[in-house]
Amino acid sequence: MRTIDDLDVSGKRVLVRTDLNVPLQDGRITDDGRIRASVPTIKKLLDRGARVIVCAHLGRPKGEVRPELSLAPVAARLGELLGADVAFASDVAGDSARATAEGLADGQVALLENLRFEAGETSKDDAERGAFADRLAALAELYVGDGFGAVHRRHASVYDVPRRLPHAAGDLIAAEVAVLRRLTEDVERPYAVVLGGSKVSDKLGVIDNLLGKADRILVGGGMVFTFLKAQGHEVGKSLLEEDQLDTVREYLRRAEDSGVEFVLPVDVVAATAFAADADHEAVPADAIPADRLGLDIGPESGELFASRLADARTVFWNGPMGVFEMKPYAQGTRAVAQGLIDSGAFTVVGGGDSAAAVRQLGFDEDAFSHISTGGGASLEYLEGKTLPGLQALED
């Protein structure tokens with residue numbers, strides 16, 4: 001896979017696919033982590049005299065122009081972080097985009113409107129997607145893929161455009177791939193994996209693959225209640241995927257047979273309702289009241305998880321331990337984050353809600369070895385899947 005150091009970019013129009021899919025509330029960016037992660041590659045290209053055309057998606061407008069999902073606020077924030085004006089095209093690959101791209105001088109940068117305002121970006125029809133890719137590729141002379149959070153998608157800007165232009169991986173993608181290789185090749189052991197989030201079904205592939213690779217797997221979050229139910233425990237009104245019970249039982253059996261340690265909570269914080277002000281208390285994980293739902297791992301479980309991370313040399317964490325957005329249910333996630341830091345291991349936070357939790361709970365991002373910008377992409381890589389965006393950059 002070539003990197004941007006292998007490209008002669010001076011005076012060239014370079015289309016850079018980034019991941020700027022940030023959360024917005026009332027038109028305000030509430031977490032700019034992905035924008036900040038995109039800055040080094042863009043700045044490096046600008047410093048080398050490139051004419052940088054940034055493209056990205058925001059949300060799921062499904063081919064419709066939705067003003068509330070405009071990238072205009074992102075352009076403003078990107079400009080602040082770069083310390084430079086960012087020209088903003090009011091369309092994706094139309095008249096405004098062409099005029100904006102052609103108007104750039106060496107060392108200047110522009111941002112195109114939300115890629116997903118065009119139906120061709122996400123189309124499953126190769127011809128429709130290809131026609132949009134042709135229009136997008138016509139804006140530039142070179143392509144740089146740097147949106148790691150989208151490389152698991154076979155989308156026009158991720159998969160088809162690099163097949164039409166000389167291309168290379170940006171520094172962010174190069175760094176992400178290097179980290180993921182450390183999690184899959186010559187792993188320093190003990191290797192612990194912490195999985196949370198709401199659904200077991202979202203993690204089936206990665207659990208299946210890691211059963212032969214990890215030394216221990218710690219499970220929390222909403223997905224844990226399917227494991228507890230599979231062991232025969234009452235889970236009350238907690239989140240439950242009944243159709244995954246047999247699969248989970250099989251995973252637990254395979255883990256025991258292969259010597260992989262499965263660590264489940266010994267207590268949970270159970271509440272009367274999904275609300276911060278609901279009555280709640282820590283109860284044993286095998287005795288959740290029938291009229292309550294679990295919203296976090298309990299304090300004893302936080303200590304248990306931290307102890308099972310203490311001697312680890314490699315840790316991958318994907319998914320919060322509870323509803324960390326609500327203060328009463330944030331302590332489990334906080335305990336795991338602190339456990340990663342205290343372990344001194346090579347620690348990877350697998351993007352998405354885990355990365356958001358690190359920032360929202362006030363942890364120093366530099367205390368972790370790596371915070372990924374792509375939760376879904378990281379999981380699919382660890383599942384052993386071929387990621388279309390990486391495949392296109394390797395060709």
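Values in this text are rule-based calculations from the coordinates and carry no lab data. Because the structure is predicted, anything quoted here is derived from the model rather than measured. Backbone-built Cβ (ideal geometry, glycine too); neighbour counts: all protein chains shown.
Numbers at a glance
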| quantity | calculated |
| --- | --- |
| Sequence-separation-based contact order of region 131-211, relative, with Cα cut under 8 Å and 6+ spacing, percent | 28 |
| Relative contact order for region 222-358, counting Cα pairs under 8 Å that sit 6 or more residues apart, in percent | 21 |
| Helix axis angle, 245-258 relative to the chain longest principal axis, alpha carbon, degrees | 80 |
| Counted charge near L361, where neighbours are those whose Cβ lies closer than 12 Å (Asp, Glu -1; Lys, Arg +1) | -1 |
| Cα Rg, Dmax, region 42-99, angstrom units | 12.6, 36 |
| 0 to 90° range, to nearest 10: angle between helix 331-343 axis and the chain longest Cα axis | 80 |
| Angle between the chain longest axis and helix 171-184 axis [Cα atoms, degrees, rounded to 10] | 30 |
| The chain: equivalent-ellipsoid semi-axes (sqrt of 5 x gyration tensor eigenvalues, Cα, Å) | 40, 22, 19 |
| Bridge type composition, region 225-349 - antiparallel percent by DSSP, nearest 5 | 70 |
| Helical contribution to [θ] at 222 nm, DSSP H n ≥ 4, -39,500 (n - 2.57), averaged over the chain, rounded to 500 | -10500 deg cm²/dmol |
| Gaussian network model of the chain, springs between alpha carbon atoms under 10 Å - residue of Q25, Q244, Q231 with greatest fluctuation | Q25 |
| Antiparallel bridge percentage (DSSP; both residues within the chain; nearest 5) | 25 |
| Ranking of H233, H57 by count of other Cβ atoms within 10 Å, fewest first | H233, H57 |
| Residue with peak Gaussian network fluctuation, the chain [Cα springs, cutoff 10 Å], from A287, A337, A72 | A287 |
| Ranking of D91, D8 by count of other Cβ atoms within 10 Å, fewest first | D8, D91 |
| Within-11-Å neighbourhood charge of V206 [Cβ basis; K, R +1; D, E -1] | -1 |
| Fluctuation leader among D257, D85, D342 - the chain, Gaussian network, Cα springs under 10 angstrom | D257 |
| Whole-number D in µm²/s for region 146-268 (Stokes-Einstein; Kirkwood sum over Cα pairs; 10 °C, 1.306 mPa s) | 95 |
| Tensor-based shape of region 29-184 (alpha-carbon gyration tensor, a/c under 1.5 rounded, otherwise prolate or oblate) | rounded |
| Phi-based couplings in Hz for region 381-390 (Karplus 6.51, -1.76, 1.60; Gly and Pro marked x) | 4, 5, 6, x, 6, 7, 9, x, x, 6 |
| Relative contact order (percent, whole number), the chain, Cα cutoff 8 Å, 6+ residue spacing | 16 |
